[in-house]
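Single-structure report; data block below.
The values are calculated or read from the model by the stated rules, or taken from the named source; none is laboratory data. On a predicted model such as this, the values are computed, not experimentally measured, just so you know. Here Cβ is always computed from backbone atoms with ideal geometry, including for glycine, and neighbour counts include all displayed protein chains. Just the protein is used for accessible areas: all its heavy atoms, side chains included, with ligands, DNA and RNA removed. Shrake-Rupley method; radii C 1.70, N 1.55, O 1.52, S 1.80 Å.
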Amino acid sequence: MSENEWVVRASPEDVFAVLADGWGYAAWVVGAARIRSVDKGFPQPGTSIHHSVGSWPLLLNDVTTVEEYEPNRRLVIKVRVWPAGAGRVEITASPRPEGCVVTMREHPIQGPTNLLPDRLLDPILHWRNTETLRRLAYLAESRAGLHATQPGEDGSMM
């Protein structure tokens, strides 16, 4: 399992406002190219974001489904990127005086990526999820009216 943490200079409410906007998914998720539709009621469990990954002309249509949701605290989603497989991603936000710490845990659950040893897959997921959290922080901090992390500053903790 890959685990990343990022200090966000915004509240958990600001972070989860970004996460709860299914139409904004492609703005913070590395690899997501466009959103085709978002189920009514998103991010309630069982609802999905229908998205495409990749870049033209190699776009694949897929879906991300909410498995668990605790507002302003925890979101668990099943991400699919066939034919590579599927993974489970848990995102939590823990309040701190200066904002919050967002933790992202991801592990494969289906398909070929599930067969790869952690020592090969974790560095790739860690790299991608660091950028994903950086984007999420930028959006949450912008929403909170704060200046996002400047170039050269690194909010990562791991």
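Is it possible to state the helix-based mean residue ellipticity at 222 nm for the chain, with each DSSP H run of 4+ residues giving -39500 (n - 2.57), the sum divided by total residues, to the nearest 500 deg cm²/dmol? What is it?
Mean residue ellipticity, 222 nm, calculated: -7500 deg cm²/dmol.
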Evaluate Rg over Rh across segment 94-140, taking Cα atoms for both radii and Kirkwood's formula for Rh.
-> 1.10
Whole-percent tail of the Cα-Cα distance distribution for segment 64-134, cut at 16 Å, equals 54
Principal axis box of segment 31-84, alpha-carbon based, largest edge first, Å = 37, 22, 16
Average accessible surface area per residue within the chain, 1.4 Å rolling probe, Å² | 52
Using a simple charge model, +1 on the beta-carbon of Lys and Arg, -1 on the beta-carbon of Asp and Glu, nothing else, what dipole does the chain show about its Cα centre, in debye to the nearest 20?
-> 380
Among the Cα-Cα pairs of the chain, the proportion with separation greater than 20 Å, in percent, is 48
For the chain, the percent of accessible surface on carbon and sulfur atoms (probe 1.4 angstrom, ligands and nucleic acids excluded) is 56
Relative contact order (percent, whole number), the chain, Cα cutoff 8 Å, 6+ residue spacing = 31
In nanometres, what is the gap between the two model label sites at GLU68 and ARG135, each 7 Å from Cα along Cα-to-Cβ?
-> 2.5
Cα-based convex hull, segment 1-57, per residue volume (Å³, whole number) = 122
